[in-house]
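The values are calculated or read from the model by the stated rules, or taken from the named source; none is laboratory data. Please read all numbers here as calculations on a predicted model, not as lab measurements. For neighbour counting, all protein chains shown are included, and Cβ atoms are generated from backbone atoms with ideal geometry for every residue, glycine included.
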Amino acid sequence: ALSTIPALVVSATYGVAYALTRRLWWAVLAPVFVAVIGNWHAAFVQLPAGETPEKTFWWFWPSTRVIGGLCPQQCSTITEFPYFSFLLGDLHAHVMALPEALLCITIGCGFLFSTDRLEPRWNPLTAGRIACAAVAVGALFAINSWDFPIYLLLLAGCVGAHAYLADDSPTWWRAPLAIAAILSVASVAAFTPFYLNYRSVAKGIGFVNTPSDFWQFAQVLGFFVLLAAIFVAVLGVLLQPADAVEDEEEMTPRAAATEAGQIQAWTSSNIATIAIVAAIVLLSIRLNLEVLVVLLGVGAGALLLLYRVLNTPEPNRSDAVALLLIAAGCLAAAVPEVVYLKDVFQGGTDYRMNTVFKFDYQAWLLLGLAASYSAYRAWEVLRAYFSTQLGWVVLGVTAAVVLAGGVYTWDAPHSTAQAGTANSLDALASLKIDNPGDYGMVRWLIAHAPAKTVELEAIG
């Protein structure tokens with residue numbers, strides 16, 4: 001399983017990215033973002049402070065304890081990411097759920113890319129799709145219950161976007177709403193034996209009073225949010241409502257007045273939007289809510305842009321999938337900025353430890369996958385419609401994300417392998433280092449004990 005899960009994650013992320021981009025080499029960016037690079041703590045905090053794998057005990061560990069929150073006393077949260085999990089050999093629930101989460105994303109893509117209408121009434125095709133989706137997302141609760149609500153919403157969003165494209169009638173929303181309800185019920189019903197014996201240690205939900213520090217959050221997920229925001233901004237400019245194009249000499253007075261009114265309204269709207277955004281930013285800084293405001297802003301922008309994408313003459317369904325991933329990822333990262341689950345850490349300074357951990361881990365997968373597409377699409381749009389130089393800027397930002405995250409990828413194995421010792425495929429090598437006496441005993445038994453000898457061990 002230690003090799004199977006990373007292999008499944010890499011192959012699945014590449015498959016989804018290729019389905020969205022249809023570019024062999026751009027698709028490689030998805031598994032790099034999701035499964036290969038680490039966060040920015042190593043590059044921007046540890047190395048500048050002189051902490052290196054050779055000089056620092058467990059150098060690879062601090063990157064998983066970055067977000068402390070704005071506490072009078074330092075709080076502790078877990079900021080783990082897949083590469084660390086694979087390196088640690090961590091087979092906890094959040095790691096085992098990664099392939100299942102990617103299966104849900106793949107099924108969601110299948111819903112949105114489908115050219116057939118999905119109807120809640122019985123037909124084998126729709127029933128089969130809903131059954132597969134229900135089993136996939138339902139299994140997430142049994143594997144890692146934290147993932148269930150976000151991926152259920154993501155699947156519902158994909159079904160809704162597909163229905164909007166497939167049905168022009170004013171009642172288009174009825175079918176996806178019915179399917180989402182069926183999916184919700186079926187995903188629970190399929191695992192009835194599990195729920196009958198399920199006992200949660202959670203004691204409710206509380207409100208967060210120590211939100212994340214902005215710079216700490218930027219080290220953990222900020223680079224993915226940045227690429228997503230660039231994509232949303234670039235696509236938003238590309239798809240902004242176009243004014244009527246007419247030669248001024250051929251325009252009637254009424255048409256000219258109409259265009260002037262549109263331009264004035266558009267300008268006034270932009271000024272009002274800038275003023276509102278500035279006020280929100282200043283208020284968020286005052287209240288230490290910068291992380292929440294950024295996440296809600298990028299997530300809401302993705303949903304608003306999704307509506308515009310779906311209303312274009314030839315909707316780009318890959319853009320729609322990416323925007324849904326961005327919205328879901330921002331939602332996952334925003335949850336622990338507002339509420340936390342009351343678990344075994346309730347009552348201490350570490351009260352957000354698991355909530356930040358489990359939701360930010362989801363956000364890494366969702367935003368990492370979305371960011372890989374965001375980089376490709378922003379580069380493509382800028383080169384085609386605006387400026388080649390701007391396209392190169394996006395490539396530069398993408399390269400910076402990979403290089404800064406790659407610092408952890410390169411240095412962390414040196415830390416875990418004990419600096420100064422040789423790496424080996426010999427299973428007894430670690431025993432020789434940590435317990436040389438036991439190692440000598442094993443070597444003696446291999447050399448002198450007859451075959452099929454029964455060995456007894458006593459403690460003492």
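Could you list, in sequence order, all residues of segment 397-445 that are modelled with pLDDT of 85 or more, farther than 30 Å from residue 371 by Cα and not hydrophobic (A, V, I, L, M, F, W, C)?
First, pick out the residues of segment 397-445 that are modelled with pLDDT of 85 or more: 397-413, 436-445.
Retained after the next criterion (residues that are farther than 30 Å from residue 371 by Cα): 436-445.
Answer for segment 397-445, where residues must be modelled with pLDDT of 85 or more, farther than 30 Å from residue 371 by Cα and not hydrophobic (A, V, I, L, M, F, W, C): 436, 437, 438, 439, 440, 443.
Scan segment 10-29 and tell me whether some residue there is under 24 Å from residue 218 (Cβ atoms), in the same structural domain as residue 410 (by the TED database), surrounded by fewer than 17 Cβ atoms within 10 Å (Cβ to Cβ) and not hydroxyl-bearing (Ser, Thr, Tyr). No, segment 10-29 contains no residue that is under 24 Å from residue 218 (Cβ atoms), in the same structural domain as residue 410 (by the TED database), surrounded by fewer than 17 Cβ atoms within 10 Å (Cβ to Cβ) and not hydroxyl-bearing (Ser, Thr, Tyr). Quick check: is even one residue across segment 345-361 in contact (Cβ under 8 Å) with a residue 24 or more places away in the chain and farther than 19 Å from residue 211 by Cβ? No; the residues of segment 345-361 include none that is in contact (Cβ under 8 Å) with a residue 24 or more places away in the chain and farther than 19 Å from residue 211 by Cβ.
Restricting attention to segment 201-223, the residues being among the small types (Gly, Ala, Ser), surrounded by fewer than 20 Cβ atoms within 10 Å (Cβ to Cβ) and touching an Asp or Glu at 6+ places or on another chain (Cβ under 8 Å) number 1.
Among the listed residues 321, 356, 401, which satisfies the condition of being touching a Cys at 6+ places or on another chain (Cβ under 6 Å), closer than 23 Å to residue 9 by Cβ and of a type in the set (A, V, I, L, M)?
One residue alone meets the criteria, 321.
Given segment 354-460, what helices (runs of 4 or more DSSP H) lie entirely inside it while holding 1 or more residues that are loosely packed, with under 10 Cβ neighbours inside 10 Å? Give the derivation first.
Details: elements: 388-416, 429-434, 436-448.
It comes to 388-416, 436-448.
What residue, among those in segment 105-135 that are under 19 Å from residue 21 (Cα atoms), free of Cβ contacts under 8 Å to residues at least 60 places away in the same chain and not β-branched (Val, Ile, Thr), is surrounded by the fewest Cβ atoms within 10 Å (Cβ to Cβ)?
If we filter segment 105-135 for residues that are under 19 Å from residue 21 (Cα atoms), which is where we start, we get 105-115.
Okay, now just the ones that are also free of Cβ contacts under 8 Å to residues at least 60 places away in the same chain, so 107, 110-111, 114-115.
Next, from what is left, pick out any that are not β-branched (Val, Ile, Thr): 110-111, 114.
Numbers: 110: 15, 111: 23, 114: 17.
Among those residues, the one meeting the criterion is 110.
Would you confirm whether any residue within segment 84-94 is closer than 19 Å to residue 224 by Cβ and of a type in the set (A, V, I, L, M)? Please lay out each step first, then the result.
Filtering segment 84-94 for residues closer than 19 Å to residue 224 by Cβ gives 84-86, 94.
Among the residues that remain, those that are also of a type in the set (A, V, I, L, M) are: none.
The answer is no, given that none of the residues of segment 84-94 is closer than 19 Å to residue 224 by Cβ and of a type in the set (A, V, I, L, M).
Can you find a residue in segment 324-336 that is closer than 22 Å to residue 289 by Cβ, in contact with a strand residue (DSSP E or B) (Cβ under 6 Å, 6 or more places away or on another chain) and of a type in the set (Val, Ile, Thr)? No, the conditions are met nowhere in segment 324-336.
Tell me which helices (runs of 4 or more DSSP H) are completely within segment 153-233 and hold 2 or more residues being within 30 Å of residue 406 (Cβ to Cβ) and not basic (Lys, Arg), or say none if there are none. Give the derivation first.
Values: elements: 174-189, 192-196, 214-217.
Per the criteria, 214-217.
Look at segment 83-101: where a residue is free of Cβ contacts under 8 Å to residues at least 40 places away in the same chain and surrounded by 17 or more Cβ atoms within 10 Å (Cβ to Cβ) and a partner is part of a helix (DSSP H, G or I) and among the β-branched types (Val, Ile, Thr), sitting 6+ places away or on another chain with Cβ atoms under 7 Å, you get 85/95. The numbered conditions (1) assigned by the TED database to the domain that holds residue 205; (2) in contact with a helix residue (DSSP H, G or I) (Cβ under 7 Å, 6 or more places away or on another chain); (3) without any contact (Cβ under 8 Å) to a residue 12 or more places away in the chain are all true for residue 376 except (3).
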